[in-house]
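In what follows, a structure is listed as structure tokens, so that the remarks can point back to it.
The values are calculated or read from the model by the stated rules, or taken from the named source; none is laboratory data. All values derive from a computational prediction rather than experimental measurement. Remember, those area values only see protein heavy atoms, side chains included, never the ligands or the DNA or RNA. Shrake-Rupley method; radii C 1.70, N 1.55, O 1.52, S 1.80 Å.
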Amino acid sequence: FPWLVSAVRAQVHQHPSVETTEGTGISINCSHPSIQSFTQINIYRQLRGRGPEFLETVLRGSKTVKSPEGRLSMAADRQSSALWIAHPRLGDAGVYYCALGD
């Protein structure tokens with residue numbers, strides 16, 4: 001789902017859907033070619049019947065994500081980022097959002 005951040009008018013592009021089987025790692029990729037130098041990527045997820053939940057943020061490099069277990073990484077050129085979910089469970093199924101933020 002594309003998100004717009006009005007302050008910088010930068011777009012984030014995501015694939016409409018990705019699928020995996022329980023226990024098989026999956027990567028959720030985001031493209032943000034017009035990201036500014038000090039803008040971070042925030043990852044949220046929305047499970048069925050619940051509101052959006054903040055997972056993690058990254059400016060550079062990568063960070064461990066505790067739940068769901070995985071890693072959020074920013075590419076060296078900052079043009080893309082990815083959330084790697086190491087061992088997804090059925091309860092992790094939902095909508096995952098990439099959003100630009102300060």
With no solvent and one equal point scatterer placed on each C-alpha of the chain, evaluate the Debye formula and give log10 I(q)/I(0) for q = 0.22 Å⁻¹, two decimals.
-1.19
Between Ser17, Ser73, Ser34, which gets the highest mean-square fluctuation from a Gaussian network model of the chain, Cα cutoff 10 Å?
Ser17
Nearest-10 value in Å² for the accessible area of Thr39, using the 1.4 Å probe:
10
Once Asp77, Asp92, Asp102 are ranked on solvent-accessible area with the largest value leading and a 1.4 Å probe, the list reads Asp102, Asp77, Asp92
In percent, what relative contact order does the chain have, based on Cα pairs under 8 Å that are 6 or more apart in sequence?
34
Heavy-atom SASA rank of Val18, Val12 (probe 1.4 Å, accessible area, largest first):
Val18, Val12
What is the extension gain from Ser34 to Leu90, computed as 0.36 nm multiplied by their sequence separation minus the C-alpha to C-alpha distance, in nm to one decimal?
16.7 nm
Extended-chain gain in nm, criterion 0.36 nm per residue less alpha-carbon gap, Thr24 and Thr57:
9.5 nm
Could you state the accessible area per residue of the chain in Å², with a 1.4 Å probe and every protein chain left in place?
62
Over the range 57-102, calculate the relative contact order: mean separation of alpha carbon pairs under 8 Å at least 6 apart, over the residue count, as a percent.
27
Mind checking which of His32, His87, His13 has the largest fluctuation in a GNM of the chain, springs on alpha carbons under 10 Å?
His87
